[in-house]
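**Q** For reference, the structure I am asking about is given below.
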Amino acid sequence: MFNSILLAELARRMGSRVLIVTDNYEGEGTLMNIVGDLVALNETEGYGNETTTVNIPVGAINFVRILSTTV
């Protein structure tokens, strides 16, 4: 039940900068997409425009911090 509530809240926050933490991952980036039970996070690496998309299973997420939202 909690997974569906988390997915619904993250869907409302699409395009926001977030911090997502699991047991073995900590990443900051833009929340890009949700497909099934996977959350896609677009991480920006360094000072350039290089980005990496990371797919995170919602069941593995320990917490999410919303860093900023889009208008």
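Rule-based calculations on the coordinates, nothing more; no lab input. None of the values given here were measured: they were computed from a predicted structure. Positions of Cβ are generated from backbone atoms using ideal geometry, with glycine treated the same way; all protein chains shown enter the neighbour counts.
**Q** Take the Cβ-Cβ distance between Asn3 and Arg65 as r, set R0 to 22 Å, and report the resulting FRET efficiency rounded to the nearest 0.05.
**A** 0.75
**Q** To test your reading of the geometry: what angle, between 0 and 90 degrees and rounded to tens, separates the Cα axis of helix 2-12 from the longest principal axis of the chain?
**A** Result, in degrees: 40.
**Q** Using every Cα-Cα pair within the chain, state what percent have a distance larger than 14 Å.
**A** Value for the chain: 56 percent of Cα pairs lie more than 14 Å apart.
**Q** Go through the chain and name the chymotrypsin sites (Phe, Trp or Tyr not before Pro) that are in a DSSP coil and have 15 or fewer other Cβ atoms within 10 Å of their Cβ.
**A** Tyr25, Tyr47
**Q** May I pose another question? Taking the Cβ of Leu31 as the center, what net charge do the other residues with Cβ under 12 Å away carry, scoring Lys and Arg +1 and Asp and Glu -1?
**A** Spelling it out: positives minus negatives among the neighbours equals +1.
**Q** Taking 0.36 nm per residue of separation and subtracting the Cα-Cα distance, what length does fully extending Glu28 through Met14 add?
**A** Value of the extension gain: 3.7 nm.
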